[in-house]
Amino acid sequence: MAKVGILGGTFDPIHIAHLYIAQAAKDYLDLDRVVFMPALNPPHKDFSNITTFEQRYEMTKMGIEDNPDFFISDLEGEFKEKKSYTIDTLKYLKERHPQDELFFIIGLDSLYQLHTWHRIGEIYRYATFVCLTRPYLADESVESKLKSLKERYHTDIIFLPTIKIDVSSTVIREAIREGHTVQYLLPRKVVEYIYANDLYRED
């Protein structure tokens, strides 16, 4: 049996915060590996403004290639035009790897949106949620949210206080569009890929 972390996201583009979160979860939980899962059609985002799945997959693949414990899956690319619902992804993985223990890694922003996720009451059958955030944000509101989710869905969410890197894909895209450097905010090969393919210059 393997302990597998799943880090889903748009990764448009992948950046240092994604990589840090994945490594922190692996270290804290002693995971055997972390699988990056680029979303095809994220249900909570305007798909029309997202870079193609193929481009985001390639950037993510480049971004994790130096870490032997990081892997990438193109599973959601197989969903074609369907929305990328977490329940479908995790159910598929669990059915094909029933002995693996799955941990779905999220940030604090996702914790507060869990009640809006498609079939959220069933997701806990297939994976344990792991929420990473800054220690000083582990306040009463977070504890209250965790308690509410536990009472409503009869599940525990692992809470891992860690540092927060204040960078986002949105900030990176805006910086590129405005002509600012993004060097060191994301892996070098990803930066080179973005400029070689003229990504994010215009929305």
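The values are calculated or read from the model by the stated rules, or taken from the named source; none is laboratory data. Values in this document were obtained by computation on a predicted structure and should not be read as measured data. Note: ideal-geometry Cβ built from the backbone for every residue, glycine included; neighbour counts use all protein chains shown. Note: areas computed on protein heavy atoms with side chains; ligands, DNA, RNA excluded. Shrake-Rupley method; radii C 1.70, N 1.55, O 1.52, S 1.80 Å.
Counting only DSSP H runs of at least 4 residues, each contributing -39500 (n - 2.57), and dividing by the residue count of the chain, the helix-based mean residue ellipticity at 222 nm comes to -11000 deg cm²/dmol.
Taken per residue, the accessible surface of the chain reaches 54 Å², heavy atoms only and a 1.4 Å probe.
Checking the Cα-Cα distances for Lys94/Lys164; Lys91/Lys150; Lys3/Lys94; Lys94/Lys150; Lys26/Lys91 against a 24 Å cut-off, the pairs over it are Lys94/Lys164. Measure off 7 Å from each Cα along the Cα-to-Cβ vector at Asp198 and Glu78, then give the distance between these two points in nanometres to one decimal. With each label point 7 Å from Cα toward Cβ, the separation is 3.5 nm. Counting only the backbone N, which residues of the range 178-197 are under 12 Å from the spot 7 Å out from the Cα of Tyr20 toward its beta-carbon? Correct set: 185-186. Taking all protein chains as present, what is the carbon and sulfur share of the accessible area of the range 99-203, in % to the nearest whole number, probe 1.4 Å? Carbon-and-sulfur percentage of accessible area, whole number: 48.
Roughly how many whole Å is it from the C-alpha centroid of the range 142-203 to that of the range 55-78? Measuring centre to centre over Cα atoms gives 16 Å. Given the alternatives (1) 1.32; (2) 1.08; (3) 0.95, Rg/Rh (Cα atoms, Kirkwood Rh) as computed for this entry is given by (3).
Here the range 151-203 is described by how far its Cα atoms reach on the three principal axes: 48, 23, 18 Å, from widest to narrowest.
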